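Notes follow once the structure below has been shown.
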Amino acid sequence: MNDDDDLLAAEFALGLLGDGDAVAVQERARADAVLSLRIAWWRDQFAPLVREATADPKT
C-alpha cells in the first residue's frame, strides 16, 4: 500500500470524504482486501478518540 492509499483509508475511516469519494473508496475496498484491512485498522486506531469525543460531558 502506498502513502496516498493509506491516507485515503484514514480519511475514509474518519468520514472526511465527500459522498462521491466515499462511495468510490467503499467500492474499491470491496475488491481490494489490503485497502479494506487498512480502513479497519484506521477505525480501530481512531475508536478511542471517537468514543472520547462523543461521550457525555461530566458536569
Output for Cβ contacts, cut-off 7 Å, separation at least six or different chains, first residue over 16 Å from D4 (Cα atoms) in the stretch 23-48, second surrounded by 15 or more Cβ atoms within 10 Å (Cβ to Cβ), reads R43/A13; F46/A13
Residue set A10, A47; condition surrounded by 13 or more Cβ atoms within 10 Å (Cβ to Cβ) and not in a loop (DSSP other than H, G, I, E, B); output residue A10
The correct count of residues that are charged (D, E, K, R) and loosely packed, with under 13 Cβ neighbours inside 10 Å in the stretch 18-44 is 4
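Quick note: the coordinates plus some simple rules give every number you see, no bench work behind them. Since this is a predicted model, take the numbers as computed values, not measurements. FYI the Cβ positions are ideal-geometry reconstructions off the backbone, even for glycines, and counts take in every protein chain you see.
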